[in-house]
Amino acid sequence: MVSMSAQVPRRLKSEIPRPKRKIQWISYGYMSPLLITLCVLTLAPIAYTIYISFTDFNQLHFLQFHFVGLKNYATLLNPNSPLSTVFIPTLIWTIVYAGLTTLFCYFIGLLLAMLLNNPNMKESVLYRVLLILPWVIPSVVTMLSWNGLLNDGYGQVNAFLQVFGLPRIPWQSSIFWARFSMIMVNVWAGFPYMMTVCLGALQAVPTELYEAAEMDGARWRQKFRFITLPGVWKVSLPLLIPSFAFNFNNFNAAYLLTGGGPVRDNNQFVGYTDILASEIYKMGLTYNRYDLASAMSVLLFILVAFISWLNMRYTGAFKGGEEA
């Protein structure tokens, strides 16, 4: 009896893991199409781009290209290199453009969310529908429409200004106005997203806090600083950094709205409103400098990955419920 009872647990112990291993392999089978697609469409192009960035693969070396090490990166980052005027100024403008667009979208969205959150506004539902329309319209349609509206020759914006006796604005030929229009249009297209986020955050703030503040004689500035802003900031901060990363890669804004212009006098590769995404496109598909385009793509990938790491590290957006 003792020997049989000792054998039963051994059988059970050896047989129990088998269904678990079977279920585990079945789960891998279900995940395999996604993993294969991820490797073919994402990981393989990234690996190939990194490889090309260390070669001289361009219009002169399509069939026989060679390994050149860090030469392409040195060409882009060395201040004494002729092509440093391509990468470094564009990088600075990309950071400025993405930062200003994100900040203006956030504060305009927050202001409109505070107005729409007023319980005394009866038409708030109608205003929400109207204000969210710029976000619903596809980005390609938005950029092409604004490209026509801001045209220096036949644009309706300049025609509208002339009705009131105002001078025509060189939206596409002036460096300042071209960059201003690029930020303006992207703020117009992006503020509804921030407005929706801030509106949801405002509705989650307990009304008891405002009532207690009124009883203590707090002013509206004090309510905004100590109640509204902390409540909204906690929810919206994890979304600000991804929004900055999106604007960092907003190819449609530079390519469809301004075409990268005005053209630089001392450089044919890039215009004054080109960002890194549009510069990479032109460098690779227009001028066939795939080696430099790949190097810029890798640098852009590192920058966006660093921004994403900051989002995960300091906002706790991807932490579990107990850790957050």
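The numbers here are math on the coordinates, done by the rules we state, and not lab data. On a predicted model such as this, the values are computed, not experimentally measured, just so you know. Cβ atoms come from the backbone with ideal geometry, glycine included; neighbour counts cover every protein chain shown.
Using the Cβ-Cβ distance between Ile175 and Ile137 with R0 = 35 Å, the FRET efficiency computed as 1/(1 + (r/R0)^6) comes to roughly 0.80. Highest mean packing first, where packing is the average number of other Cβ atoms within 10 Å per residue, the peptides 144-156, 122-134 line up as 144-156, 122-134.
Dividing the mean sequence gap of close Cα pairs (under 8 Å, 6+ apart) by how many residues the range 185-324 holds gives a relative contact order of 18 percent. Counted residue by residue at 0.36 nm each, then reduced by the alpha carbon distance between them, the extension gain from Tyr28 to Ile88 reaches 17.1 nm. For the pair the range 48-85 and the range 236-313, the centres of their Cα atoms are 18 angstrom apart.
The relative contact order of the chain comes to 23 percent, based on Cα pairs under 8 Å that sit 6 or more residues apart.
The label point for Phe301 and the one for Asp216, both projected 7 Å from the Cα toward the Cβ, are 5.1 nm apart. Annotation: peptides 192-203, 209-220, 76-87, ranked by per-residue average of other Cβ atoms within 10 Å with the highest first, follow the order 192-203, 76-87, 209-220.
Helix content alone sets the calculated 222 nm mean residue ellipticity of the chain: runs of n ≥ 4 DSSP H residues at -39500 (n - 2.57) each, divided across all residues, give -21000 deg cm²/dmol.
If the chain linking Phe62 and Leu229 were pulled fully straight, counting 0.36 nm for each residue of separation and taking away their Cα-Cα distance, it would gain 54.6 nm. Were the residues from Asn288 through Phe246 laid out at 0.36 nm apart, the gain over their Cα-Cα distance would be 12.5 nm.
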